[in-house]
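Accompanying notes for the structure given below.
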Amino acid sequence: MQTSSLCVLRTIHPCLVVLLLPLGLGSLVGCGGGTRPDRVPVSGRVTIDGEPLTFGSIRFIAEGPGRPAMTKIDANGRFDFGAEGVVVGKNRVEVMADEQLNETDTRWHAPQKYTSYETSDLAVDVTEPMDDLVLELTWAGGKPFTATSSVTGESKRGIGTR
């Protein structure tokens, strides 16, 4: 009986090598096979009508390949993408400054148009590390407001008391 078990192991072993070899080679090659876009550190501040935006987050979306970068805006309006940085090249920018107060009320610290790169009109051409970038937003005559959505979950974002 010992001999037949040993024969089975000898027969299985070459099969395992054939099955595991492609996995081992695949891990050496890695995913994608291409080069990643260069990234550089970027930090600065966000203002709205000349005053620091004291709440929210900011996201840079590269026009070319590369994943977006996102970070918080602090109480002084400052942001820092840290060592991971931002993709070099043209980046469109989103600023999300909506604070959920409770189940139905949202406080807008900046206009909704800045929450999408398609409507924000904000873009930054990143060519080198930056530590003093200033992004200037405006209420264009408006001011922070609270929007109330229905209890049924239907969103009425941006419609509320001003």
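For first residues located in segment 48-75 and within 16 Å of PRO37 (Cα to Cα), partners that are among the aliphatic types (A, V, I, L, M) and in a strand (DSSP E or B) and lie 6+ apart or on another chain with Cβ distances below 6 Å form the pairs PHE60/ALA69; PHE60/VAL86; PHE60/VAL93; ALA62/VAL87; GLY66/VAL87; PRO68/ILE61; ALA69/VAL86. Entry remark, segment 98-126: residues being under 18 Å from VAL46 (Cβ atoms) and out of contact with any strand residue (DSSP E or B) (no Cβ under 7 Å at 6 or more places or on another chain) number 5 in total.
Candidates are the residues of segment 113-151 that are polar (S, T, N, Q) and in contact with a Ser or Thr (Cβ under 8 Å, 6 or more places away or on another chain); the one that is modelled with the lowest pLDDT is SER150. Within segment 37-58, being surrounded by 18 or more Cβ atoms within 10 Å (Cβ to Cβ) and within 15 Å of the chain's Cα centre (by Cα) holds for ARG39, VAL42, GLY56, ILE58.
Given the options ASN76, ASN102, name the one that is in a loop (DSSP other than H, G, I, E, B), surrounded by fewer than 13 Cβ atoms within 10 Å (Cβ to Cβ), more than 13 Å from the chain's Cα centre (by Cα) and modelled with pLDDT of 95 or more.
The conditions single out ASN76.
The set of residues in segment 105-145 that are loosely packed, with under 15 Cβ neighbours inside 10 Å and farther than 28 Å from GLY82 by Cα comprises ASP105, TRP139, ALA140, GLY141, GLY142, LYS143. In segment 119-150, which residue that is of a type in the set (A, V, I, L, M) and touching an Asp or Glu at 6+ places or on another chain (Cβ under 8 Å) is farthest from GLY50 (Cα to Cα)? So the residue we want is ALA147.
The values are calculated or read from the model by the stated rules, or taken from the named source; none is laboratory data. The model shown is predicted, which means the values in this text are computed figures rather than measured ones. Don't worry about glycine lacking a Cβ; one is built from the backbone with ideal geometry, like all the others, and counts go over all protein chains shown.
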